[in-house]
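In what follows, a structure is listed as structure tokens, so that the remarks can point back to it.
The values are calculated or read from the model by the stated rules, or taken from the named source; none is laboratory data. All of these numbers come straight from a predicted model, not from anything done at the bench. Neighbour counts are summed over all protein chains in view; Cβ atoms, including those assigned to glycine, are modelled from backbone coordinates with ideal geometry. These area figures cover heavy atoms from the full protein model, side chains too; ligands, DNA and RNA do not enter into them. Shrake-Rupley method; radii C 1.70, N 1.55, O 1.52, S 1.80 Å.
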Amino acid sequence: MGTYGTMADSVLDALGDPTRRKILETLRRGGPSSVAGLAERVPVSRPAISQHLKVLGGAGLVSYESQGTRNIYQVDRAGLSDLRTWLDQFWDDALDAFAEHVRRVEGSPAARVGSTGMKERRA
């Protein structure tokens, strides 16, 4: 887990490395792959790919299925749900602040000025 012990932290920590982001993007675009297949498309060694996959797996971003002596890795889309939940907090806060701003503006005397520049009479 990351610094603060949440799954979102471990996902952010894992995605902090550009090589891991490249591996994840390669799996997302190209579909499931073995370590050897990834090493052909990402310019790092097979042992390095394996280590990066271990970190991505620990963060819940990739999963694998054993096929004979090889593991086939794929993106685990559910692993991004913790990160989405964490990011949604920021959107929720921003939307709440915007809604509050609209309520304040609509409630102010300036908001009741009509297109003629004169205050509209409220019935």
Across region 68-84, in residue order, what do the Karplus-derived ³J(HN,Hα) couplings come to in whole Hz, using 6.51 cos²θ - 1.76 cosθ + 1.60 with θ = phi - 60° and x for Gly and Pro? x, 9, 10, 9, 9, 9, 8, 5, 9, 4, 5, x, 7, 5, 5, 5, 4
FRET efficiency, 1/(1 + (r/R0)^6) with R0 25 Å, evaluated for SER50 and SER81 via beta carbons: 0.45
Kirkwood Rh, region 20-103, all Cα pairs: how many Å? 14.5 Å
At 1.4 Å probe size, with no ligands or nucleic acids counted, give the accessible surface of ILE49 in Å², nearest ten. 0 Å²
FRET efficiency for ASP13 and ILE72 from the Cβ-Cβ distance with R0 = 30 Å, rounded to 0.05, comes out at 0.75
Quick calc, ARG41 & GLU100: beta-carbon distance into FRET formula, R0 30 Å, rounding 0.05, result 0.05
